[in-house]
Structure formats: structure tokens, C-alpha cells
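Student: Pasting a structure here, questions to come.
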């Protein structure tokens, strides 16, 4: 489940909660989902609080029944495990749980902050900004977080998960991939929580659990039950996290220069995660990412630097990958037994001359995943999708087809 951040709200007295029925409450007047909460007593005497809407969003869960630690939705008769919020019969669907505590006989929950109200003038200005900025796509609310994403083409759904470079966004990472794949598939590319134009929480906690929860919430919000995943670098770890935890949600996997298996922090990755904004530093970083010297231009460096210093972006970035950075690598590592158990057809891609993520990562993934194949691009750094865009796109289209 995605971790919820917000304010602690006093909901009700302990004795007001019945053992067999949720207590529905309204905790605000914003008109947003977060105003509606239901409190449930668990068999062990503890309490949980949840968003008072089922995952289909049209039924109040407070009208349901509780028995033996399971809440039954009154509309769909879905059964939700009160420990995890997930459906007992189909774990890919889940209710939204909030952190809960008891203070002085009152049940309190950490309810998400309301999304800011936007005036018509602000909305019009935002639309104008969106029209001229290709990095801004569609938007959808995921567990209270306004999430920016791109949605092109039609056909079987493919979700592109970007890497973790400073100022990165889905568009910056996948701008050469989106139109090529959209000729055959419905291609979706979200800005991962904390990156790009997705809303950044006011009190963020960034880790694999949170990022995975946000991406699963994105799939749920768009009613995407099963997708193919293409993960780049850091995005590869997120793709592996989803595929190993919820294998039924994933069709095929593409892992490019992927994190997710154990490796020693490289000087290149240390430079990426330790980036301090300046034009010379961004020029140096592009040189680390790419093998092709023609990409090393001041225009590209200024473009990426401008993205990295937008308000709030660098602050969020520092919070994601603080020292010691080897610990951040380890925190993005998926248990190898779980990776070894993956049933999916998997295409592993790497640049032979990658200075950020070692080629050995992809060799290890090839060993672990039974249905894996590996393609290594020579004269290529960490930006396979940019340095060898046409060949990469053709390879991925053929594989996903």
C-alpha cells in the first residue's frame, strides 16, 4: 500500500466503533475524497481507518459488514483484508488505508491533506502552460496526489517507468520512445512520485514501498488491470518490484540498464544522485550518461538544468538519495529469490559502455529470470533509448508484439 502523509485527524471515540460494522465519518468540507473516512475495529481490538470509497469509487465502504478481520463491500460484495486493505480474492485491488492511532480514548488517522483549490484564472494559466510545455501531459489523482502522465496510441497497454536523473520526467526520458511504441500500443508514461510535474507531498517519504504503491495506484486509477512494463535504471527496480509482488498485473517486462539486483555504487551513479545544480555539473553529468560526444551540448545541459531547478525539484531530489548512497542502492534491491520466480517474458537491455549502472546487473538478471533474453548495445552508455533510439524502439516493439 502507498504510504499516506498528511495531518492527524481526531475521528471518533473508541466506544463509538462497533465490532461488526464500519463507522462512516466526514472529516472536512473540501468536497474531496479525503473528507470521507470510515473506522473499523479489528479482531485484536486495534482500529484501522480507510477512505470511505471502494476501489471502483462509487460505493461507501462504511455500509459494509465486518467479520473475522474482513470487510465486505455492500455494493460489489468484495472482501477486503483489514490488515492490508487488499481484496482476499483478487489482491490487485485494494482499499486505501490510513495510518491510525488511539490517543486519550480517541481514534485518530493520518488523513491526506486536501489538494489545493484552483481558481479559474489559475486553471486557465495552467492550461496555457501545459500547451507550451511538452513535459506536461494528462493528470489523474492517485491516492490524493495529482499525477502527471502521457497517454498515446491504442492497443495493449504499456507503461514506461523513467530513471532517476536530476530534473528527469517521463517526457525527458521517453520522448523518442512514446511515438514509436504508440503505433502499436497504448503507451502510458507517468512522472513517478517526487519527479517531473507530479505533485510532491509536503512531508515526503521516498522509498521503494512508496514508489511502488504510487505506480500501482496509477494503474488502478486508470483501471489498467494488466500491463507490460518498461523500466529504465531506477525505473527497472520499480518494474521488478511490481512484477514480483503482483505478477498477475504484468504481461511482459523490459528492463533497461536496470537497478534491482545487488551491486556496488559506481562513481557515475554517485555523481547522478549527488548532483548539485550548475551548468558545468550538468554538462559533466551528460558526459557520464552518454557515450556519444555529440549529445554533450550546452543547449541540452541548460534544458535539463532548468528542469532540475524548478521550485521544489532539487529539494525533493536531495531527500530521495542522501548519503550513504550505497544504502540507497541496497534499498532498491529486490530479493533474488523473488526475481528468480518471475514467470514473465523479459527483455533485458544494456549499454556496453554504461558508466552509471554496471553491465553485470543485466547479466545477473539474465541468469535469474528463466524467460529472459539480453541485448547489449555497443558504443552506448546509460541512455540506450536516446543514443540508439530507432534500434531500441524496434527491438521493444518486436518483443512486446
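Student: Among the residues that make up segment 250-258, is at least one of them closer than 23 Å to residue 282 by Cβ and in contact with a strand residue (DSSP E or B) (Cβ under 8 Å, 6 or more places away or on another chain)?
Tutor: Within segment 250-258 (the criterion being closer than 23 Å to residue 282 by Cβ and in contact with a strand residue (DSSP E or B) (Cβ under 8 Å, 6 or more places away or on another chain)), the answer is yes, since at least one residue qualifies.
Student: Consider residue 277 carefully, then state whether it is part of a loop (DSSP other than H, G, I, E, B) and over 22 Å from residue 330 (Cβ atoms).
Tutor: Judged against the criteria, residue 277 is a match.
Student: Still on this structure: Out of 301, 307, which single residue is in the same structural domain as residue 220 (by TED's automatic domain parsing), in contact with a helix residue (DSSP H, G or I) (Cβ under 6 Å, 6 or more places away or on another chain) and farther than 24 Å from residue 349 by Cβ?
Tutor: 301
Student: Identify the residue in segment 348-365 that is surrounded by fewer than 22 Cβ atoms within 10 Å (Cβ to Cβ) and in contact with a strand residue (DSSP E or B) (Cβ under 6 Å, 6 or more places away or on another chain) and, among all such residues, is nearest to residue 381 (Cα to Cα).
Tutor: My answer is 352.
Student: Wholly within segment 66-137, which strands (runs of 3 or more DSSP E) include no fewer than the required count, namely at least 2 residues that are touching a strand residue (DSSP E or B) at 6+ places or on another chain (Cβ under 6 Å) and modelled with pLDDT under 85?
Tutor: none
Here's the yes/no breakdown for (1) over 26 Å from the mean Cα position of the chain (by Cα); (2) over 21 Å from residue 144 (Cα atoms); (3) in contact (Cβ under 8 Å) with a residue 24 or more places away in the chain:
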position: 9; (1), (2), (3): yes, no, yes
position: 74; (1), (2), (3): yes, yes, no
position: 99; (1), (2), (3): no, no, yes
position: 106; (1), (2), (3): yes, yes, yes
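Student: State yes or no: is residue 265 modelled with pLDDT under 90 and closer than 19 Å to residue 354 by Cα?
Tutor: No, not satisfied.
Student: Where residues in segment 302-325 are outside any helix (DSSP H, G or I) and in contact (Cβ under 8 Å) with a residue 60 or more places away in the chain, which of them is nearest to residue 283 (Cα to Cα)?
Tutor: Across segment 302-325, the extreme among qualifying residues is 309.
Student: Further, regarding this structure: Residues of segment 10-28 being surrounded by 14 or more Cβ atoms within 10 Å (Cβ to Cβ) and under 17 Å from residue 74 (Cβ atoms), which ones?
Tutor: Result: 21, 22, 23, 24, 25.
Student: Can you tell me which residue among 53, 21 is in contact with a helix residue (DSSP H, G or I) (Cβ under 7 Å, 6 or more places away or on another chain), part of a loop (DSSP other than H, G, I, E, B) and outside the structural domain of residue 140 (by TED's automatic domain parsing)?
Tutor: 53
Student: Starting from residues that are in contact with a strand residue (DSSP E or B) (Cβ under 8 Å, 6 or more places away or on another chain) and over 14 Å from residue 383 (Cα atoms), keep the ones in segment 172-185 and report whichever is surrounded by the fewest Cβ atoms within 10 Å (Cβ to Cβ).
Tutor: 179
Student: Also, quick follow-up: If residue 236 passes every condition in (1) in a helix (DSSP H, G or I); (2) at pLDDT below 95 but one, which one does it miss?
Tutor: (2)
Student: Working carefully through the options 288, 254, 227, find the one that is surrounded by 15 or more Cβ atoms within 10 Å (Cβ to Cβ), modelled with pLDDT of 95 or more and over 24 Å from the mean Cα position of the chain (by Cα).
Tutor: 288
Student: Can you find a residue in segment 186-195 that is surrounded by 19 or more Cβ atoms within 10 Å (Cβ to Cβ), over 12 Å from the mean Cα position of the chain (by Cα) and assigned by TED's automatic domain parsing to the domain that holds residue 276?
Tutor: Yes: one or more hits.
Student: Tell me the residue from 328, 338 that is under 17 Å from residue 268 (Cβ atoms), in contact with a helix residue (DSSP H, G or I) (Cβ under 9 Å, 6 or more places away or on another chain), in a helix (DSSP H, G or I) and modelled with pLDDT of 90 or more, please.
Tutor: Just a single option satisfies the conditions, and that option is 328.
The values are calculated or read from the model by the stated rules, or taken from the named source; none is laboratory data. No experiment lies behind these values; they were computed from the predicted model shown. Glycine also receives a Cβ, built like all others from the backbone with ideal geometry; neighbour counts cover every protein chain displayed.
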